[in-house]
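This report concerns only the one structure given below.
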Amino acid sequence: MGMPVRIDDILYGQARAQAKAEHRTIAGQIEFWALIGRAALDNPDLPIDFVRDLLIARAEEKSQATMFVPEGNRS
């Protein structure tokens, strides 16, 4: 369900630019930022880049995932 929200013009412009670069809608970009912010606040001991990468990885389809192989088990 969509809901109109007022945001600062500068933030909107930043979201528009980032959304274009990451092939998202502006609303999708703002939602993504909100998810990262919420997850970061819930996990203050984790680096923000790790939180972002984890959310991106969780959204990927399993068919695109790369199997983790520990260094000791590589051929």
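Candidate values (i) 1.18; (ii) 0.92; (iii) 1.43 were compared with Cα Rg over 2.2 N^0.38 Å computed on the shown model; the agreeing label is (iii). A DSSP coil position with no more than 12 other Cβ atoms inside 10 Å describes the following chymotrypsin sites (Phe, Trp or Tyr not before Pro) in the range 17-75: PHE68. Per residue of the chain, what 222 nm ellipticity follows from adding -39500 (n - 2.57) for every DSSP H run with n ≥ 4, rounded to the nearest 500? It comes out at -18000 deg cm²/dmol, rounded to the nearest 500.
Among the trypsin sites (Lys or Arg not before Pro) found in the chain, those both in a DSSP coil and sparsely packed, with 11 or fewer other Cβ atoms within 10 Å of their Cβ, are ARG6, ARG74. Taking label points 7 Å from Cα along the Cα-to-Cβ direction, THR66 and ALA39 give a separation of 1.9 nm.
Laboratory data are not the source of any read-out in this text; all were calculated from the coordinates shown. Everything numeric here is computed off the predicted structure, so don't read it as measured data. As a convention, Cβ positions derive from the backbone with ideal geometry for all residues, glycine included, and neighbour counts pool all protein chains shown.
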